[in-house]
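The values are calculated or read from the model by the stated rules, or taken from the named source; none is laboratory data. The shown structure was predicted, so the numbers you read here are calculated from the model rather than taken from an experiment. Virtual Cβ from ideal backbone geometry, glycine too; neighbours counted across all protein chains shown.
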Amino acid sequence: MYSDLIKFIRDWYETKAAIALHEPRFKEIDRQYVLDAIDSTFVSSVGEYVGRFEQQLARYLGAKYCVATVNGTAALEVALKLAGVQKGDEVITQALTFVATANAISYNNAVPVFIDVNRETLGLCPDALEKFLDETAIKKNRETFNKNTGRKIAAIVPMHTFGHPCKMEQIMQLANHWNIGVVEDAAEALGSKILSKHCATFGRLGVLSFNGNKTITCGGGGAIITDDKDLAQRARHLTTTAKLNHKWEFSHDEIGYNYRLPNLNAALACAQLGQLDGILGDKRKLAYSYETFFKTREWGQFFTQPQGCTSNYWLNTLITPDQKQRDDLLKITNESGIMTRPAWQLMSDLPMYKNFATDNLKNARWLAKRLVNLPSSVRINA
Ligand SMILES: *Cc1c(COP(=O)(O)O)cnc(C)c1O
């Protein structure tokens, strides 16, 4: 069992060595850009690569503004603050996500609420969101509060799981109806689109990550995306210690953060961004091969992009028929040196988040028992 899956993956990567879940691909140009940043001596948060990366990324996404940060988690933390999240507020997100989504809410001293995902997107379920708001929310002076807890519901954070876009149109409609700001966690979804609109550009703010395991990487890095000039200015100010612009005076007007992307990382980010379309193309080829491979076997359903969407296929995903088959697959592949991985533990099952509000999490629980991530790196020499 699964020996031809192992053969398929080994043939694809043309190696007998261990195969990781997601590795970066670097070429000569990456090396050149990094060396150039070193030679310039501008390696920290001042330097021309930072601005260049921000402009190129904004242009690529069709967004007005981009502020580059040290990582995606920091971007999310600041984006939530800019969306108006304050101490004691509630922030709605999905239970099936990476822990950074929930942590960024906690860093703002806000309270996460974990809502279900749907099986068509693996992301925040608009029907579950609507039900939660209808049953729980009340509007007061254009703001929305939770009737049961009295807390303000200050933001909604949909996350595009493994690069598959959430149903943003419905989520935005609900958010607009209740006048709640949306911060998109698009950390996994660089290059993913709904029709021709990029993930990270639907909400008031969107967030990306360039960690080593993401679609493109600059070691560590993130970005805040927005079309709102004031929010972009605030993001830039807050992530650079809230320092007032002056040639020699050192003055700060609030408690800011040291979260700006260093120029050394930005150099690598520029080089990688230039290769993004090629990387996305190679990832689609792999996803298509997996899809074809699994079609003729009864090992579950290979998860494909939702209708009307272009997914970046950051992590390829198989939905196995049941937990037993998932566990067998995980064991056999990992013991053969091929890394596969189950879903993250649901946020509401983690010790620090187990006492927070949830809905029934029907789909999240169903998926968490069945889902397997498959090796998804682009081939090093492709
Ligand atoms: C990777 C990731 C982040 C955080 O990004 P870092 O750059 O690693 O801090 C946030 N949310 C999700 C869903 C992610 O996958």
Notebook entry, point to check: For segment 214-237, how many residues are more than 10 Å from the ligand (Cβ to nearest atom), under 26 Å from Ile279 (Cα atoms) and polar (S, T, N, Q)?
Noted result: 2
Check: Any idea which of Ala68, Ala37 is under 20 Å from Thr239 (Cβ atoms), surrounded by 15 or more Cβ atoms within 10 Å (Cβ to Cβ) and either under 17 Å from the mean Cα position of the chain (by Cα) or of a type in the set (Ser, Thr, Tyr) (or both)?
Finding: Ala68
Next item on the list: Could you figure out which of (1) of a type in the set (Gly, Ala, Ser); (2) surrounded by fewer than 22 Cβ atoms within 10 Å (Cβ to Cβ); (3) within 18 Å of Arg59 (Cα to Cα) isn't true of Ser251?
Entry: (3)
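Among the strands (runs of 3 or more DSSP E) confined wholly to segment 133-245, which include 3 or more residues that are hydrophobic (A, V, I, L, M, F, W, C)?
Numbers: elements: 137-140, 143-146, 153-157, 181-185, 205-209, 222-226.
Where strands (runs of 3 or more DSSP E) fall fully within segment 133-245 and carry at least 3 residues being hydrophobic (A, V, I, L, M, F, W, C), they are 153-157, 205-209, 222-226.
When segment 312-332 is examined, which residues are found to be over 22 Å from Lys214 (Cβ atoms) and either buried (at least 16 other Cβ atoms within 10 Å of the Cβ) or touching a Lys or Arg at 6+ places or on another chain (Cβ under 9 Å) (or both)? Walk me through how you get there before you give the answer.
At the first step, the residues of segment 312-332 found to be over 22 Å from Lys214 (Cβ atoms) are 319-332.
Once the filter is applied, which keeps residues that are over 22 Å from Lys214 (Cβ atoms) and either buried (at least 16 other Cβ atoms within 10 Å of the Cβ) or touching a Lys or Arg at 6+ places or on another chain (Cβ under 9 Å) (or both), segment 312-332 yields Ile319, Thr320, Pro321, Asp322, Gln323, Gln325, Arg326, Leu329, Leu330, Ile332.
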Next item on the list: With the checklist (1) closer than 29 Å to Asn363 by Cα; (2) at pLDDT 95 or above; (3) hydrophobic (A, V, I, L, M, F, W, C) in hand, flag the one item Met1 doesn't pass.
Entry: (2)
Next item on the list: Would you point out the residue of segment 184-213, among those that are in contact with a strand residue (DSSP E or B) (Cβ under 8 Å, 6 or more places away or on another chain) and among the hydroxyl-bearing types (Ser, Thr, Tyr), that is nearest to the ligand (Cβ to nearest atom)?
Entry: Ser209
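Does Tyr49 satisfy the criteria of being of a type in the set (Ser, Thr, Tyr), crowded, with 19+ Cβ neighbours inside 10 Å and outside any loop (DSSP other than H, G, I, E, B)? Talk me through it step by step, then tell me what you get.
On the way: of a type in the set (Ser, Thr, Tyr): yes; crowded, with 19+ Cβ neighbours inside 10 Å: yes; outside any loop (DSSP other than H, G, I, E, B): yes.
So Tyr49 fits the description; yes.
Based on this model, can you work out whether Leu76 counts as away from the ligand (no atom under 15 Å from the Cβ) and crowded, with 21+ Cβ neighbours inside 10 Å? Break it down stepwise before answering.
Details: away from the ligand (no atom under 15 Å from the Cβ): no; crowded, with 21+ Cβ neighbours inside 10 Å: yes.
So Leu76 fails the test.
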Margin query: Being free of Cβ contacts under 8 Å to residues at least 24 places away in the same chain, assigned to a helix (DSSP H, G or I) and not assigned by TED's automatic domain parsing to the domain that holds Phe162 narrows it down to one residue among Asp11, Asp39; which is it?
Written below: Asp11
Next item on the list: Answer yes or no as to whether Val113 is surrounded by 17 or more Cβ atoms within 10 Å (Cβ to Cβ), within 16 Å of the ligand (Cβ to nearest atom) and in a strand (DSSP E or B).
Entry: no
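Determine whether Ala63 is of a type in the set (A, V, I, L, M), within 22 Å of Ala223 (Cβ to Cβ) and buried (at least 23 other Cβ atoms within 10 Å of the Cβ). Before you say what the answer is, go through the steps one by one.
Details: of a type in the set (A, V, I, L, M): yes; within 22 Å of Ala223 (Cβ to Cβ): yes; buried (at least 23 other Cβ atoms within 10 Å of the Cβ): no.
For Ala63, the condition - of a type in the set (A, V, I, L, M), within 22 Å of Ala223 (Cβ to Cβ) and buried (at least 23 other Cβ atoms within 10 Å of the Cβ) - is not met.
For Gly123, indicate whether it is at negative phi and modelled with pLDDT of 95 or more. Full working, then the answer.
Numbers: at negative phi: yes; modelled with pLDDT of 95 or more: yes.
Considered against the rule, which asks whether it is at negative phi and modelled with pLDDT of 95 or more, Gly123 comes out as yes.
Within segment 79-99, track down each residue that is among the charged types (D, E, K, R) and either near the ligand (Cβ under 9 Å from one of its atoms) or not in a helix (DSSP H, G or I) (or both).
To start, the set of residues in segment 79-99 that are among the charged types (D, E, K, R) comprises 81, 87, 89-90.
Listed by number, the residues that qualify are Lys87, Asp89, Glu90.
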Next item on the list: Name the single residue, out of those in segment 183-197 being over 13 Å from the mean Cα position of the chain (by Cα) and in contact (Cβ under 8 Å) with a residue 60 or more places away in the chain, that is nearest to Ala58 (Cα to Cα).
Entry: Lys197
Check: Does Ser348 fit the bill of being in contact with a His (Cβ under 7 Å, 6 or more places away or on another chain) and either outside the structural domain of Leu129 (by TED's automatic domain parsing) or of a type in the set (Lys, Arg) (or both)?
Finding: no
Item checked: Checklist (1) crowded, with 16+ Cβ neighbours inside 10 Å; (2) in the same structural domain as Gly47 (by TED's automatic domain parsing) applied to Leu280, failing item -> (2)
Notebook entry, point to check: How many residues are β-branched (Val, Ile, Thr), at pLDDT 95 or above and over 17 Å from Tyr290 (Cβ atoms) if we restrict to segment 342-381?
Noted result: 1
Note to self: Yes or no: segment 288-302 includes at least one residue that is modelled with pLDDT of 95 or more, surrounded by 15 or more Cβ atoms within 10 Å (Cβ to Cβ) and within 23 Å of Leu208 (Cβ to Cβ).
What the structure shows: no
Item checked: Answer from Gly203, Gly163, Gly150 - the residue that is surrounded by 22 or more Cβ atoms within 10 Å (Cβ to Cβ), of a type outside the set (Phe, Trp, Tyr) and on the phi > 0 side of the Ramachandran plot -> Gly163
Checklist line | Residue within segment 335-342 that is farther than 12 Å from Phe114 by Cβ and free of Cβ contacts under 8 Å to residues at least 60 places away in the same chain present | finding: yes
